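We did not get these values from a lab; they are worked out from the coordinates using the rules stated. Remember, predicted model here, so these are calculated numbers, not experimental data. All Cβ positions, even for glycine, are placed from backbone atoms using ideal geometry, and neighbour counts span all protein chains on display.
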Amino acid sequence: MATGFTDFLDSFVKSHDNRQLLAIPLAVFAVSLAILLVSFASSGSPLPLGMEFQGGTQISVATTDSPAVLEELYSNYPIMDARQAGNRVIMQFGVMNNEEQRQLEDDVIGRYSNVEIKQIGPVYGKDLQVQALQALAISFIGMAIVVFLIFRSPVPSFAVVLSALSDIIIAAAFMRIAGIELSLGTVAALLMLIGYSVDSDILLTNRVLKRRGTVEEKISRAMQTGITMTSTTLAALVVMYVVSTFPYLIIPSFTQITLLSQISGVLIIGLAADLMNTWLLNTGILRWYVLKPEFSGRFNR
Amino acid sequence: MSDAKSLFKNVRVIIFIIALLASIIAIHPGYSSGEGTTSNLNYGLDLEGGSWLQIKLQGALVQVDADSGMIVSEMVEPVIGAPITITENKLEGNNLSETDNSITFTTDVPVSSSELELLELGRVSVDRLDQDTTQVTIFTSKESLIRLYLASSLDSEVVTFDDGEGPVYEIRTAVSEEELEALMVKVGGSVLMNEDGTSSYTEGVSVQTRDLTRDILNDKLNALGLKDIPVRTVGDDYILIDFAGIDLATAKDIAEKPGKFEIRINTTGTETRHVLYGDSIVSVGIPGFHDNQWNTPFVLDEEGALALQKIAIETGAVDNPNAHYLTMYLDENVVYSAPLSYSAATQLKESPIYSWQASTGGDEEAKAQAQALQIHLRAGALPVNVVLVGSGHVDAALGEQFKTEALIAGLFSLLAVAGVIFRRYRRPEILIPMIGTSISEVIMILGVAAAIGWQMDLAAIAGIIAAIGTGIDHLVIITDEVLYEGKLPPTKVFLSRIGKAFGIIFGAAATTIIAMSPLVFMGFGALKGFAITTIIGVFIGVVIARPVYGVVIKEMLEASEASAARKGEISADE
């Protein structure tokens, strides 16, 4: 995708003014934010919370039984959901007391093979939820501080931070729409996104502010490099997503690796958003900033 | 080929090669027909199979005040069944922890000192003043009265420590601030405020208690000698136990079963006689140093104390202590053995002894022994109330599958990256060093993991992939910077370009490391591994691997441009 897409994007950026460049990503950003806010207003949480943050038990087993059979089999327990994933069935249970939990575990381990169990108490889940939010907030603020320290100039730094924020909001809104729950894996993905998304922004800002040459040329060059960077990462993630989500296509007995599948899925969307945010949003703000009459002498030598 | 030689004289390249070799040695990959591929890498439970339990320690730390007289009334009146009148109280004042102080009360019913001693308030002296009045003096301190009051009302162990701003009470069970406040109001007191006006109540236990709990669990679980079961603290209030290769049901059995502690006395020769089991031990104190000895204090219940007295007399240990050692066993292993002291032997002839000290000697080793004994004596009984807050289980076969899949995902991802890079540059002399650098970064991350005994689990693998992802990004930045005009610039320009590239890379790496660092310090088990692996990977990449890529790519490009130029000449001649 690298060259054809880069040329297209390059000519798009050259043929539109800054206002037009900003319009698209800001619109997507606004829609995403609206999605999260509506979700927050209606359900009390911007994203559906996974088992890890709510408390409960998740059991996944290798079986040829259908989810309906298992739902029937364990109907004495607070089973909430059973779904097929390749050759496995994943069951979700609500919170149980210790004895019930033990009974269920003994039964499942005795009956099925390749069992995976994860249980989180509701109090711990609440704790994790708070910690996850704190981690996201602290990471983001830390990243913003580093960016300001690197560029020591408010507008370009703000542009980088805004496009990173937009990446995360868009990825989160996508999770909401696609029904991907907030889990430890997806929190990790959002954090990774903070690290990844600023790479190309830093490259762009650095090239435009600290290099000689025309702004147009510097942006084109940065785009060449930046899109190569993002596309290598995307290529790796797409492969990882496919292998961890549909491994049974390669070897029938293989099982989904939920953690890797969630991380790669969210990152793919986040990086796609990053392509837009870096090369339209960030570029638009930066181009406006360096071509302002009072600055043109300084940067556009 | 002189270029290649100069390459190996470059300091960065030498460091890189040493780091790479050291990593391979640390990983120690091998192959044997029996076991397949082997290495020094530790795999996490989700790749190895097994189960884990996460428990939360319940408790509260609080500073409180109360009226010591009211506490004494509150505690003594139910025991003697009559009201009391405080006549003298030397406990109130500044020396709260002074132990020589006393409180005196009178009551109109007869009181025996033994029934009051059972309350363990302190040394008690009882005087019959006249027909209707008994005067009782208790030698104690306000601090210990409050501690005992809290302990008996909440039916929990309560310990005090001083952080320099008055005593802090550690309540080793779940209790809310409201409950505590209600209890304190009953005895004319309250939960104290900090200087900044916030409540001194905090949920949780002290770090020392958390670590003691961890050590006791460790002691108990690993005394079974089944397998190495690591017990780790996570955050302030959580403990995580990994049971590699053990299913969840068995893990819960193991964790719930208390250790078997026993005291026996030598009779004749190697013969021993049972005295008591661990359930007779009421409490275990913190080891202290006095009389040039390290001592671990412990208290026996009525039954245990009487049994010890009876058997010590019957075996003759009271007359000849050195011929009849007392030996302590935990799960059939000897953990302590010593004779009765002369004074204890003498006292046992008269009356049972409740409070004991096990002394271990005066040196550093003895200190460690005393601390170990403190753990053994508890025999797996935890000092705090705990609740199970999380657990997990992965079948060994499933873990094996995950391992293979993660490996496949990694390899295919690398191929995909290589494909994109080749499409962009179409030059093997760029592709090979780039992929080579990435692979060597993976080897070095694994090397560090093997060297520090870090567990490779799925989260850590995700971390490696993240680090490699940013790594490739950075190599692309270096390459494009070097080839800004499409071909290799003169050396001077090249060096300044590399400098600029590293300016960008350091900035990008710094943001990644900063973004990951909160996870390292927070309570999650799984994401901590992810964050640490990412940080190690980014760090290795920036410091060791990427500088070498800069050097290598220059040599490779110079070599290829030289040969391309020669080719150009020949074709022009034709």
For residue B:349, go through the aspartates and glutamates and keep the ones whose alpha-carbon is under 15 Å away, minus same-chain ones fewer than eight residues off. B:314, B:319
Go ahead and set up a Gaussian network model of chain A, Cα springs under 10 Å, then flag whichever of A:64, A:258, A:230 fluctuates most. A:64
Beyond 14 Å, the calculated P(r) of segment A:246-292 holds a percent of Cα-Cα pairs equal to 67
All lysines inside 25 Å of residue B:492 as judged from Cα atoms, apart from same-chain residues fewer than 8 positions distant: A:210, A:218, B:5, B:9, B:500, B:554
List the aspartates and glutamates whose Cα lies under 15 Å from the Cα of residue A:292, skipping any in the same chain that are fewer than 8 positions away. A:17, A:216
Considering chain A as a Gaussian network with a 10 Å cut-off on Cα pairs, which listed residue, A:53, A:140, A:40, attains the greatest mean-square fluctuation? A:40
Residue by residue through segment B:136-146, what is 3J(HN,Hα) from phi via Karplus (6.51 cos²θ - 1.76 cosθ + 1.60, θ = phi - 60°)? Round to whole Hz and write x for glycine and proline. 10, 10, 10, 8, 7, 9, 4, 4, 6, 4, 4
Once a ≥ b ≥ c are taken as the square roots of the eigenvalues of the Cα gyration tensor of segment B:62-196, is the result rounded (a/c under 1.5), prolate (a/b larger than b/c) or oblate (a/b not larger than b/c)? prolate
Say a paramagnetic label sat at a point 7 Å from the Cα of residue A:41, along Cα to Cβ; which residues of segment A:10-32 have their backbone N under 17 Å from it? A:30-32
Just tell me how shielded B:476-488 is by partners: mean number of partner chain Cβ atoms within 10 Å of each residue's Cβ, no decimals. 3
J(HN,Hα) series, segment B:404-413, from Karplus relation 6.51 cos²θ - 1.76 cosθ + 1.60, nearest Hz, glycine and proline x: 4, 5, 4, 5, 4, 4, x, 4, 5, 4
With label points built 7 Å along Cα→Cβ from the Cα atoms of residue B:332 and residue B:130, find their separation and express it in nm. 6.8
Cleavage-rule hits, trypsin sites (Lys or Arg not before Pro), segment B:175-251, DSSP coil, Cβ neighbours within 10 Å at most 14: B:227
Would you mind putting A:152-164, B:141-153 in packing order, based on average other-beta-carbon counts within 10 Å, highest first? B:141-153, A:152-164
Can you check how the C-alpha radius of gyration of segment A:56-120 compares to 2.2 N^0.38 Å, as a plain ratio? 0.98
For residue B:86 and residue A:106, what does the FRET efficiency come to when R0 = 56 Å and r is the distance between their Cβ atoms, rounded to the nearest 0.05? 0.45
For the protein assembly as shown, take N as its residue count and report Rg(C-alpha) divided by 2.2 N^0.38 Å. 1.20
What distance in nm lies between label points placed 7 Å from Cα along the C-beta direction at residue B:139 and residue B:313? 2.7
Which of rounded, prolate or oblate describes segment B:403-444 when judged by the alpha-carbon gyration tensor and an a/c cut-off of 1.5? oblate
Name the most mobile residue of A:97, A:206, A:87, meaning the one with the largest mean-square fluctuation, in a Gaussian network model of chain A with Cα contacts below 10 Å. A:97
Total charge of the residues flanking residue A:107 in space, meaning their Cβ is under 13 Å from its Cβ, with Lys and Arg +1 and Asp and Glu -1, is -3
One checks the Cα atoms of segment B:261-378 and finds Rg and Dmax, in Å, of 13.3, 36
In Å³ and rounded to a whole number, note down the convex hull volume per residue for the Cα atoms of chain A. 135
Calculate the FRET efficiency for residue B:271 and residue B:350 from the Cβ-Cβ distance with a Förster distance of 35 Å, rounded to the nearest 0.05. 0.80
On a 0 to 90 degree scale, rounded to 10, what angle separates helix B:364-378 from the longest Cα axis of chain B? 70
Indicate the gyration tensor shape class of chain B (rounded, prolate or oblate), computed on the Cα atoms with a ≥ b ≥ c the square roots of the eigenvalues: a/c under 1.5 is rounded; otherwise a/b larger than b/c is prolate and the rest oblate. prolate
Please give the net charge around residue A:121, taking every other residue with its beta carbon less than 10 angstrom from that of residue A:121, where Lys and Arg add +1 and Asp and Glu add -1. +1
So for the pair residue B:195, residue B:564, with labels modelled 7 Å out along Cα→Cβ, what separation do we get in nm? 7.0
Please tell me which of these pairs span more than 24 angstrom C-alpha to C-alpha: B:220/B:310; B:56/B:252; B:142/B:367; B:56/B:528; A:118/B:252; B:56/B:142? B:220/B:310; B:142/B:367; B:56/B:142
Here, GluC sites (Glu not before Pro) of segment B:150-257 satisfying both criteria (DSSP loop; at most 16 other Cβ within 10 Å) are B:165, B:195
Per-pair calculated FRET efficiency, R0 = 25 Å: residue B:165 and residue B:289 via Cβ, rounded to 0.05: 0.50
Counting only other chains, and only Cβ atoms inside 10 Å, what mean value do you get across the residues of A:51-57? 1
